[in-house]
Amino acid sequence: MATPIAELRARIAAQRTDNPAMYGAVDFSVQPERLLLDGDIAGSELRGHPKVAAKLLENRELMERIGAYTMMGDALADPYAALMPEHGFKRLVDMLVEACDKGVEAVEGAPAELVTFIRSMEATPAWVDMQMVEEGARLQRVSFANVAPWAIRGAFIATFMNKYAALPMALTGTLSNKTAARRIKETATFFGTSLLPGALARFGAGFKAAAMVRLMHSMVRFNVLSNSQGNRMRWDQRIYGIPIPQVDQMPAGLISDFLISSKVLKDGREDFTPEERAQIELSRYRCFLLGLPEDLLAQTPRGIVDAWNARALSLRAGFDEATCGGLLRATMEADLVDATTPQGKVRDRLERSFAKVYFMQNFCDGSEKAAARFGVKIRAIDKLRAAAVGVGLMGQMRFYGVAAKTPVVRHFADQRLVGKVRGYLGSLGHAEFTTDAAKYKPAAAIKPAA
């Protein structure tokens, strides 16, 4: 059941009194520049789909809910991150790791905020069917093991297309190639880990990774909003609202749900097949562990697409060269594979070209001109390389698709996929899921606002 809007607004306002160290200076009565709720379709990120936008504007309850969550952080992880001045960055990370590995009761002197954080993640909602979640993970291992190593860069670029949502990433130093590569690898590590057998169980690696991601995001909010950095951050709430709000978690957490749901609707259906439903439930539970409220985790194809588009309609369009362009260039230039060998150099070129075309096809409606406006120029050689990779991937996907439906080889095929996922994760290195405030960049130097 959806949270009543009045109750939701009260929770948002309560962040200021419940967590003054982080939100004490935030005026939640101010509607930031980034938030569009007045029907300005032409000024929104959904401007390319005016008919869809016009229909969404009729759903005032959904638009108000999306607007409200634009001002909501993580009410359970944020208070724990706000203990940094008292316990220090490293101690908070160490206690969280121990709580995930051994249980919060094993952490000596565990703060009440840590206990509340972990207990909330352990409180699995009644709608979660872990057998279905495991089936969803099995199904998604096929695409992740085969496609993710080639597509992760292109998918990551999509998170930098709006200056209002991208600024926290720019502030945290992701404008450098090295840091961009680290963030891409951490993202791939989290999603890949969550697909391993049993990973999302209480003491699974995916559960732990979700907790670490939440703490990292909360630390970003604390470092940006608190006085720990003095006036160096110069975060302007009137323009940007709060860093990494709940609605900005949706694109990464629900992208697979959106793509599946869009295809369902395009096929003229209104319901998921059993296989599609399993993948949706995997994403919904994974998003629960990441702290997304159930209000944003729709269950139907129409509901998922509408929520995704409503977020785009509520977000003011804005691509600026300093913030978005810098992040995009750093991402495209980041070294994701070892190119010191002849074979590595070939793979590096193929991967970069495939990432460009993947970005164009999935986030620019297949338009080369649209991709170029974001700084991603598609050359003829990129298309040829991407096509070559695509042919190979299609063959692998078909092979594993047939194997998954063949009783005799299904188990062995899945074991092979698990091995491929583990191998890919091993190539990414150790993911720290941390953020260092000492490396943050002043907002003034990034010139985020028009």
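Using the charge dipole of the chain (Lys, Arg: +1 at Cβ; Asp, Glu: -1 at Cβ; taken about the Cα centre), state which of 92, 106, 313 has its Cα farthest towards the positive end.
It is 313, whose Cα lies furthest towards the positive end.
Any of 102/208; 163/263; 178/369; 356/383 with alpha carbons more than 19 Å apart? Name them for me.
On the way: 102/208 11 Å; 163/263 29 Å; 178/369 29 Å; 356/383 9 Å.
The answer is 163/263; 178/369.
Between residue 383 and residue 335, what is the FRET efficiency for a Förster distance of 30 Å, r being their Cβ-Cβ separation, to the nearest 0.05? Don't skip to the end; give the middle numbers.
Numbers: r = 23 Å, r/R0 = 0.77.
It comes to 0.85.
Compute, for the stretch 283-381, the length of the dipole vector about the Cα centre, with Cβ point charges of +1 (Lys, Arg) and -1 (Asp, Glu) only. Units Debye, rounded to 20.
Details: 15 positive and 12 negative charges, 58 e Å.
Computed about the Cα centre, the dipole is about 280 debye.
Which aspartates and glutamates, if any, have their Cα less than 20 Å from the Cα of residue 266, not counting same-chain residues under 8 positions apart?
Hits, sequence-local ones excluded: 257, 275, 276, 306, 365.
Only residues of the stretch 110-124 count here: report those whose backbone N is under 13 Å from the spot 7 Å along Cα→Cβ of residue 202, or say none.
It comes to 118-124, nothing else.
Any chance you could get the radius of gyration and Dmax over the Cα atoms of the stretch 257-349, in Å?
Just the Cα atoms of the stretch 257-349 yield Rg and Dmax of 18.7, 50 Å.
With a 1.4 Å probe and all protein chains left in place, how much accessible area per residue does the stretch 32-75 have, in Å²?
On a per-residue basis, 46 Å².
Which percent of Cα pairs goes in each bin when the distances of the stretch 1-64 are cut into 5 angstrom slices starting at zero?
In order of increasing distance, the bins hold 4, 14, 19, 18, 16, 15, 9, 4, 1 percent.
Figure the gain on full extension for residue 59 and residue 397 (residue separation times 0.36 nm, minus the Cα-Cα span) and round it to one decimal in nm.
Length gained between residue 59 and residue 397: 117.8 nm.
Residue separation times 0.36 nm, minus the C-alpha to C-alpha distance between residue 273 and residue 415: what's the value?
48.7 nm
Grab every C-alpha pair in the stretch 279-431, bin the distances at 10 angstrom width from 0 up to the longest one, and report whole percents.
Over the stretch 279-431, the share of Cα pairs per 10 Å bin runs 9, 22, 33, 31, 5, 0 percent.
Assuming a viscosity of 1.567 mPa s and a temperature of 4 °C, what translational diffusion coefficient in µm² per second does Stokes-Einstein assign to the stretch 24-140, Rh being the Kirkwood radius over Cα pairs? Mind showing how you got there, number by number?
Working: Rh = 18.4 Å.
Translational diffusion coefficient: 71 µm²/s.
For P(r) over Cα pairs in 20 Å bins from 0, in percent, the listed values are [x] 24, 61, 15, 0; [y] 19, 35, 25, 13, 5, 2, 1; [z] 22, 59, 19, 0; which was obtained by calculation from the structure presented?
Checked against the structure: label [x].
The values are calculated or read from the model by the stated rules, or taken from the named source; none is laboratory data. Note that this is a predicted model, so its numbers are computed, not measured. Positions of Cβ are generated from backbone atoms using ideal geometry, with glycine treated the same way; all protein chains shown enter the neighbour counts. Just the protein is used for accessible areas: all its heavy atoms, side chains included, with ligands, DNA and RNA removed. Shrake-Rupley method; radii C 1.70, N 1.55, O 1.52, S 1.80 Å.
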